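As structure tokens, the structure follows; a few thoughts come after it.
The values are calculated or read from the model by the stated rules, or taken from the named source; none is laboratory data. These numbers were taken from a predicted model, which means no experiment stands behind them. Positions of Cβ are generated from backbone atoms using ideal geometry, with glycine treated the same way; all protein chains shown enter the neighbour counts.
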Amino acid sequence: MARRRLAIVSRLVTGIVIGFVLTFLIASVLPLAFGDRSLVVRSGSMTPAIDTGDVVTVHPIAPASARVGDIVTFENHGKLTSHRVRSMGASGNDMLFTTQGDANTGQEHWKVPVNARIGRVLYRVPKLGFVVVQVQSPIGRFFLIILPALLLACSVLRKIWRDEPARAATR
């Protein structure tokens, strides 16, 4: 009975780990194959549309392709910021933008060359960013490698030990 419970718990934990890894890969790594980028949201300036800890996927676009109402990602004082476009216009070789976080009262006024690239937020994965930040830490990377290896080792050892009595009985 105890072996059966251990097997059920082992399968459950393995399923959870595999599900997490697949979700992580699909949300964070797969967009790279299409030229997109995944970013962890570290502030609540876009609440309720995007919350702190969400992962957003950003697709590079020409500044002129942005539309009022889009959530765009741009460089703001050396950091990437994702805010909603409130207004935009052209001035010579530059595009002028006014953006504002949904939860902010202030606006940003910035310009970017017409031939540059900015990002348009395509979608978000709620709360995955909290896990991504932990995985990117040294201890998180350690557990991301060691935990699956231990689960695999336990599975192999259990199979070896389970098959051994059967072999001995047939000799």
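Quick notes
- Hits in segment 1-49 (condition: hydroxyl-bearing (Ser, Thr, Tyr) and modelled with pLDDT of 80 or more): 10, 14, 38, 43, 45, 47
- Of the criteria (1) in contact with a helix residue (DSSP H, G or I) (Cβ under 9 Å, 6 or more places away or on another chain); (2) surrounded by 18 or more Cβ atoms within 10 Å (Cβ to Cβ), which one residue 42 fails: (2)
- Residues (more than 28 Å from the chain's Cα centre (by Cα) and exposed (fewer than 14 other Cβ atoms within 10 Å of the Cβ)) located in segment 79-108: 87, 89, 90, 91, 92, 93
- Leading residue by the ranking (nearest to residue 42 (Cα to Cα)) among those in segment 126-143 that are free of Cβ contacts under 8 Å to residues at least 60 places away in the same chain and surrounded by 13 or more Cβ atoms within 10 Å (Cβ to Cβ): 134
- Selection status of residue 76, surrounded by 13 or more Cβ atoms within 10 Å (Cβ to Cβ) and of a type outside the set (Phe, Trp, Tyr): yes
- Hey, residue 98 farther than 20 Å from residue 28 by Cα, hydroxyl-bearing (Ser, Thr, Tyr) and in contact (Cβ under 8 Å) with a residue 12 or more places away in the chain or not: yes
- Of all residues in segment 24-48, those being of a type in the set (A, V, I, L, M, F, W, C) and over 14 Å from residue 81 (Cβ atoms) number 9.
- If you go through segment 101-130 and pick out every residue that is farther than 28 Å from residue 19 by Cβ, among the β-branched types (Val, Ile, Thr) and in contact with an Asp or Glu (Cβ under 8 Å, 6 or more places away or on another chain), you end up with 2.
- All of (1) free of Cβ contacts under 8 Å to residues at least 60 places away in the same chain; (2) within 22 Å of residue 29 (Cβ to Cβ); (3) of a type in the set (Ser, Thr, Tyr) hold for residue 123 with one exception: (1).
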